[in-house]
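No value in this document is a laboratory result; all are computed from the given coordinates. This structure is a prediction, so every number in the text was calculated from the model and none was measured. A quick note on method: Cβ atoms are made from the backbone with ideal geometry, for glycine too, and the neighbour counts reach across all protein chains shown.
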Amino acid sequence: MQERFDAVIIGAGIIGAATAFELSKLGWRTLNVDRLPAAGYGSTSNSCAIIRTYYSTFEGCAMAFEGYHAWKNWADHLGVDDERGLAEFHECGTLILKTEHNRHMAPILEIAKQLGIRYTEWDNPDIESRLPGWDMRRYAPVKRPDQPGFGEPTGDAVAGGVFFPEGGYINDPQLATHNLQRAAEAAGATFRFNSRVSAIRRREDRVSGVTLAGGESIEAPVVVNGAGPHSAKINALAGIGRAMRIRTRALRTEVVYLPGPEGHYGDGVGLVTSDSDTGCYSRPAAGGQILIGSEDPPCDPPEWVDPDHFDRNMSEQGRMQLMRSAQRTPELGIPNRISGVVDLYDVTDDWIPIYDKSDLPGFYLAIGTSGNQFKNAPVVGQLMTELIQACESGHDHDTDPLRFALRRTGREISLGFYSRNREVNQDSSFTVLG
């Protein structure tokens, strides 16, 4: 006898688990299917889990500000206990330097004013007092260490920065996903691990469920693609990839961990930083460490990969990120052996995710989310639930994009912003910053 559910969600990362939580709270019988052994074991597990309220677009900032409130009140958001405990939000604040790349933050600050997001503009002495030892000289345009002029200042100083107090990071992204799993299960959701989807089932020109690699069929009138870096492969199974104007691809990325300057980093110490002048971001990590990632400057060529076959070993890319960061923080030092993680982003053409229906009725998309949507996951679950309910009730989302009310901040956005058929958004940073 075939199992039947109201919705099958492909993927049990942070986005898939959040979607299951919100659907199941409304009485939907959901099943998350994931090829890995537990929730959050894929790219979510290696997320930097940064919580920030600045994006390059109004919609991005509005979603992030809404998400911040969920993380700030995580226990209340979940409403259940987890035997493993709850993930912790370290609200250390975030600092983004003013650069030509972000137009000295003028557009983002205008959005912040509209949304009521708190911020303080810091001049360079303010920054140096909080982050002693920082070299505030300009180094842009971002270069690789083997390029002429690397490490040589190109101007007197950067133009200061902006501090957003409502930000920080989640200490354990995998635990946060497990928290959502337990909350979803308490509402009736089911999770199945070590199970790979091999086919998207159809009946009378709409989705009717999935087939697993072992041949088992699962019936459901709704299927959600929340497969992260495997999203394009799932879309191909559904036969809808070529029908979309915006595509997704798996991008290999490296993040480096190393001891921070003494007393400046670690849990409860230090800031999340974004520095497009050197092309790197950072955040504190446990044990006095610092995490450093790339902000995808033009000098870092993207490495698009098959998500089932890619090199998980650290490369010279990680070392280059450290060398660029050391321009700003000379005390960092460059260890002989670079430690860190290698994983994948699921990236759209403009680094803005797709939250949408598809050309296959009953098949929905929560994709292109890796790299900058972890912080938004609690809101994405709500968004996808409202979208699915509206479309399944007959709403024509393609011609009349759904308006989505942000529950905590009282704002409203058009979900057409996340359409699979949108034009490439030229307001995007076209980087992991979104």
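Around the amide H of V222, modelled in the peptide plane, lie the amide H atoms of V8, all under 5 Å away and 5 or more residues distant in sequence or on another chain.
Principal axis extents of the Cα atoms in the range 223-324, from largest to smallest and rounded to whole angstrom, are 53, 30, 25.
To the nearest 500 deg cm²/dmol, what mean residue ellipticity at 222 nm is calculated for the chain from DSSP H runs of n ≥ 4 alone, each contributing -39,500 (n - 2.57), summed and divided by the residues?
Values: 9 runs with 100 residues, N = 434.
It lands at -7000 deg cm²/dmol.
The count of lysine pairs in the chain whose Cα atoms are under 29 Å apart, excluding pairs fewer than 8 places apart on the same chain, comes to 13.
Taking GluC sites (Glu not before Pro) that fall in a DSSP loop and have at most 11 other Cβ atoms within 10 Å as cut points, what is the longest piece of the chain between them? Walk me through the numbers on the way to the answer.
Values: sites that count: E83, E204, E262, E423.
Looking at the chain, 263-422 is the longest stretch - no exposed GluC sites (Glu not before Pro) with at most 11 other Cβ atoms within 10 Å.
Taking the Cα atoms of the chain, the ratio Rg/Rh between the radius of gyration and the Kirkwood radius comes to 0.97. Taking each residue as 0.36 nm, the span from D156 to E3 lengthens on full extension beyond its C-alpha to C-alpha distance by 48.5 nm.
From the Cα gyration tensor of the range 377-434, with a ≥ b ≥ c the square roots of its eigenvalues, which class applies: rounded if a/c is under 1.5, or else prolate if a/b is larger than b/c, or else oblate?
Values: a/c = 2.08, a/b = 1.30, b/c = 1.60.
Judged from the Cα gyration tensor, the range 377-434 comes out oblate (a/c at least 1.5, b/c at or above a/b).
Here is the size of the range 139-185 from its Cα atoms: Rg then Dmax, 20.4, 56 Å.
The C-alpha atoms of the range 32-84 occupy a region whose extents along the principal axes are 37, 25, 19 Å, arranged from largest to smallest. As a length-normalised measure over Cα pairs under 8 Å and 6 or more apart, the relative contact order of the chain settles at 23 percent. Inverting the pair-averaged 1/r between distinct Cα atoms of the range 161-246 gives 15.9 Å as its Kirkwood hydrodynamic radius. Sorted fewest first by neighbouring Cβ atoms within 10 angstrom, C280, C92 come out as C92, C280.
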